[in-house]
Amino acid sequence: MFELLKRLSEASGPSSSEDNIRNLVYEELKEHADKIEKDRLGNLIFIKEGKTPKVMLAAHMDEIGLMVKFIDEKGFVRFVKVGGFFDPSLLNQRVLIHGEKDVYGVIGSKPPHLLKEEERKKEIKSEDMFVDVGALDREDCKKLGIKHGDPITLEREMVKLANNLVTGKALDDRVGCAILIETFKGLETDNSVYAVFTVQEEIGLRGATVSSFKINPDVGIAIDVTSAGDYPGIKDHESPIHIGKGPAIKIADGRRESLGGGLISHPLVRQLLVETAEIEDIPHQVEVLEGGTTDATAIHLSREGVPSGVLSIPTRYIHSAVEVLSLDDVENTVKLLKASLKNK
Ligand code: ZN
């Protein structure tokens, strides 16, 4: 699992440029499906044929990234965010600009010692940052094959921490992709299963929206990360989720203060996941998440409605280059997903 997740995490695949991830997933699963489809937006769908209810599993291939907006006279690259970055987490990161070829750069801003007293107190915004590729001027930058619209991703190796934890970029949601790959390889069910590796989740659940319409499933389950609350600065009532204590079974998620724009898991899907975890003695937690959502939100609103739920992998520092999660949780999520499909 470490090796698979490392390959997925270190590959680049920002929203709408998921080719590298699609290729990795395809190579892993091409021998394991009855049928493989790719739709017009780029979702990759592995089908195991069987009886109803038809189950759709979804994990998103895309990671949050940036896009080249403007190259200034001095050759510095201005960018827009593609997905929900917390601006301070971008500062002084190493990035790759995916132009004609991949070009290394670093994100800079006005240095602290030149900031005025009032400026220092304020958070540095992404619009005041730029990518420095070492170019002499605009022409020199263009000679490197960089142009408007090129995707940019963070560059970071995935490594192990203590206690079977790992850290890297894009674990949101390459960990979901890895879990879906392992689950699909070891399926033990008579049901028809559609494993969907979705595109453009980070900018509005776009891949899941069109793929769930096409598949028209009877049940939907997304696999994605959720915010762990087990580190300094977070109180238990804000997030009681701990890494290493098993997958979090989603009860509800959505916007802060209203849970608008999210999902309230279907009671039968939630019950299936909780009961299976109890029967199989798999550690698990339950989750009510404010301030985020997953592909399951798009799936459950497809056509006439699809009973849906989510298995979440507790993760620290989500949407940064140093996301942290536990490989124990990953193994337990695979176990729970496999057993739930079998129990149905
Ligand atoms: Zn995600």
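The values are calculated or read from the model by the stated rules, or taken from the named source; none is laboratory data. All values derive from a computational prediction rather than experimental measurement. Glycine gets a Cβ as well: all are built from the backbone with ideal geometry, and neighbour counts include every protein chain shown. Side chains are part of the model used for accessible areas, which takes the heavy atoms of the whole protein and leaves out ligands, DNA and RNA. Shrake-Rupley method; radii C 1.70, N 1.55, O 1.52, S 1.80 Å.
Among the conditions (1) more than 29 Å from Cys141 (Cβ to Cβ); (2) open to solvent by 30 Å² or more (accessible area, probe 1.4 Å); (3) within 16 Å of the ligand (Cβ to nearest atom), Lys81 misses just one, which is (1).
Check Ala195, Ala222 and return the single one that is more than 16 Å from the ligand (Cβ to nearest atom) and among the small types (Gly, Ala, Ser). Write out each step before concluding.
Working: Ala222 fails: more than 16 Å from the ligand (Cβ to nearest atom).
Step by step, each of Ala195, Ala222 is checked, and only Ala195 is more than 16 Å from the ligand (Cβ to nearest atom) and among the small types (Gly, Ala, Ser).
Just give me the residues in segment 8-55 being of a type in the set (Gly, Ala, Ser) and open to solvent by less than 30 Å² (accessible area, probe 1.4 Å), in sequence order. Spell out the reasoning first.
Applying the first criterion (of a type in the set (Gly, Ala, Ser)) to segment 8-55 yields 9, 11-13, 15-17, 33, 42, 50.
Passing the criteria: Ser9, Ala11, Ser12, Gly13, Ser15, Ala33, Gly42.
Residues in segment 85-94 that are aromatic (Phe, Trp, Tyr) and either in contact with a helix residue (DSSP H, G or I) (Cβ under 8 Å, 6 or more places away or on another chain) or not in a loop (DSSP other than H, G, I, E, B) (or both): Phe85 only. Pairs are defined by a Cβ separation below 8 Å, a sequence spacing of at least 6 or placement on different chains, a first member in segment 31-46 that is free of Cβ contacts under 8 Å to residues at least 40 places away in the same chain and under 14 Å from Pro217 (Cβ atoms), and a second member that is among the acidic types (Asp, Glu) and part of a loop (DSSP other than H, G, I, E, B); no pair meets this definition. Residues that are within 27 Å of Glu3 (Cβ to Cβ) and in contact with a Gly (Cβ under 8 Å, 6 or more places away or on another chain): does segment 169-185 have at least one? The answer is yes, given that some residue of segment 169-185 is within 27 Å of Glu3 (Cβ to Cβ) and in contact with a Gly (Cβ under 8 Å, 6 or more places away or on another chain).
Looking at Ile21, Ile107, Ile97 in this structure, which one is away from the ligand (no atom under 16 Å from the Cβ), outside any loop (DSSP other than H, G, I, E, B) and in contact with a Gly (Cβ under 6 Å, 6 or more places away or on another chain)? Step through it out loud before you land on a result.
On the way: Ile21 fails: away from the ligand (no atom under 16 Å from the Cβ); Ile107 fails: in contact with a Gly (Cβ under 6 Å, 6 or more places away or on another chain).
Every option except Ile97 fails the conditions.
From the list Val103, Val68, the lone residue that is under 19 Å from Asp132 (Cα atoms), touching a His at 6+ places or on another chain (Cβ under 7 Å), surrounded by 13 or more Cβ atoms within 10 Å (Cβ to Cβ) and not charged (D, E, K, R) is Val68. Being more than 15 Å from the chain's Cα centre (by Cα), away from the ligand (no atom under 11 Å from the Cβ) and over 16 Å from Lys250 (Cβ atoms) is a property that holds for Gly186.
Among the conditions (1) out of contact with any Asp or Glu (no Cβ under 6 Å at 6 or more places or on another chain); (2) within 16 Å of the ligand (Cβ to nearest atom), the only one that Asp39 does not satisfy is (2).
Kindly evaluate Ile279 against the criterion of being without any contact (Cβ under 8 Å) to a residue 40 or more places away in the chain, away from the ligand (no atom under 16 Å from the Cβ) and of a type in the set (A, V, I, L, M, F, W, C). No; evaluated as a whole, the condition is false for this residue.
Summed over segment 290-328, residues that are more than 15 Å from the ligand (Cβ to nearest atom), within 27 Å of Lys160 (Cβ to Cβ) and surrounded by 23 or more Cβ atoms within 10 Å (Cβ to Cβ) total 1. Residue pairs whose Cβ atoms lie under 6 Å apart, separated by 6 or more positions or on different chains, with the first residue in segment 145-167 and touching a residue at least 40 places away in the same chain (Cβ under 8 Å) and at positive phi and the second open to solvent by less than 50 Å² (accessible area, probe 1.4 Å) and assigned to a loop (DSSP other than H, G, I, E, B), are Gly145/Gly99. Contact annotation: residue pairs with Cβ atoms under 7 Å, 6 or more positions apart or on different chains, pairing a residue in segment 4-25 that is basic (Lys, Arg) with a partner that is open to solvent by 20 Å² or more (accessible area, probe 1.4 Å), are Arg7/Leu24.
Collect the residues in segment 1-53 that are acidic (Asp, Glu) and under 21 Å from Val193 (Cα atoms), keeping them in residue-number order.
Taking segment 1-53 first, the residues acidic (Asp, Glu) are 3, 10, 18-19, 27-28, 31, 34, 37, 39, 49.
Result: Glu27, Glu28, Glu31, Asp34, Glu37, Asp39, Glu49.
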